[in-house]
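Working notes for the structure below.
The values are calculated or read from the model by the stated rules, or taken from the named source; none is laboratory data. All figures in this text were calculated on a predicted structure; none of them were measured in a lab. Glycine also receives a Cβ, built like all others from the backbone with ideal geometry; neighbour counts cover every protein chain displayed. The protein model used for the area step is the full one, side chains on, heavy atoms only, and it has no ligands, DNA or RNA in it. Shrake-Rupley method; radii C 1.70, N 1.55, O 1.52, S 1.80 Å.
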Amino acid sequence: MPEVPAGYSPLMITPGIDKYRLTHGEPFRTILGCSDAALENARAYFCVGYGFNDEHLQTKLIERCDRDSVPLVVITKELTTSARTFLGGGRCRRYLAIEEGTMGARLHARRAQRVRRRSTDLAAQPLPQ
């Protein structure tokens, strides 16, 4: 493990009761401000293993997918209920989601040009509206 530079201390917020409160203090407040700016200016999003369960973190991403049709790629072992609800709810018009399927990878996709949802895994079910 690399050595921590002098004057710095490693910080990590773990799941629990104080998670939300801790993200509003420094240095996390500054980091969240910078991440909001990056999300506001992104031309596409690539999420690995993200479950869409942190409303205070994903607000900008969801707004941009909805307002500007910013494309989204999600790769995860299994799409969470929150991810399925968001992707299937129509606010994200351009997405590709990849999760583990019964015979390999299961793909879920929607393109704004045709507004046609597609799921592929031989006998896959499309995400609900």
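Measuring with a 1.4 Å probe in the full set of protein chains, what accessible area per residue, in whole Å², belongs to the chain? Please report the intermediate quantities before stating the final value.
Working: 8880 Å² over 129 residues.
For the chain, the per-residue accessible area is 69 Å².
Working out 0.36 nm times the residue gap between residue 11 and residue 111, then minus their Cα-Cα distance, what length gain in nm do you get to one decimal?
Values: separation 100, 0.36 × 100 = 36.00 nm, distance 3.93 nm.
Between residue 11 and residue 111, full extension yields an extra 32.1 nm.
Using the 4.7 Å Cβ rule, please list in number order the cysteines from the chain without any candidate partner.
Cysteines of the chain left without a disulfide-compatible partner: 34, 47.
At a Förster distance of 25 Å, what's the computed FRET efficiency of residue 85 paired with residue 4, Cβ-Cβ distance as r, to 0.05?
Values: r = 40 Å, r/R0 = 1.58.
FRET efficiency, residue 85 to residue 4: 0.05.
May I ask you to derive the relative contact order of region 38-94, considering only C-alpha pairs under 8 Å and at least 6 residues apart, and to give it as an integer percent?
On the way: 65 pairs, mean separation 24.5, N = 57.
Normalised by residue count, the contact order of region 38-94 is 43 percent.
Quickly estimate the mean residue ellipticity at 222 nm for the chain, helices only: each DSSP H run with n ≥ 4 gives -39500 (n - 2.57), and the total goes over all residues, rounded to 500.
On the way: 4 runs with 40 residues, N = 129.
Theoretical 222 nm ellipticity from helices: -9000 deg cm²/dmol.
At a 1.4 Å probe, what is the % contribution of carbon and sulfur to the accessible area of region 1-50? Provide the component values of the computation, followed by the final result.
Numbers: 2740 of 4320 Å².
Exposed carbon and sulfur together represent 63 percent of the surface.
Calculate, in nm to one decimal, what residue 35 and residue 19 gain on full extension: separation in residues at 0.36 nm each, minus their alpha carbon distance.
Details: separation 16, 0.36 × 16 = 5.76 nm, distance 1.74 nm.
Gain in length upon complete extension: 4.0 nm.
Using Cα-Cα distances under 8 Å and only pairs 6 or more residues apart, what relative contact order does the chain have, in percent? Let's see the in-between values first.
Working: 168 pairs, mean separation 20.4, N = 129.
The normalised contact order for the chain reaches 16 percent.
If I model the chain as equal point scatterers sitting on the Cα atoms and use the Debye formula, what is log10 I(q)/I(0) at q = 0.12, 0.13, 0.18 Å⁻¹?
Cα-only, vacuum Debye calculation for the chain: -0.56, -0.64, -1.01.
Hey, rough spin-label estimate for residue 56 and residue 28, points 7 angstrom out along Cα→Cβ, what's it come to in nanometres?
So the two model labels end up 0.6 nm from each other.
Distances over 12 Å make up what percent of all Cα-Cα pairs in region 46-99?
Working: 868 of 1431 pairs.
The share of Cα pairs beyond 12 Å in region 46-99 comes to 61 percent.
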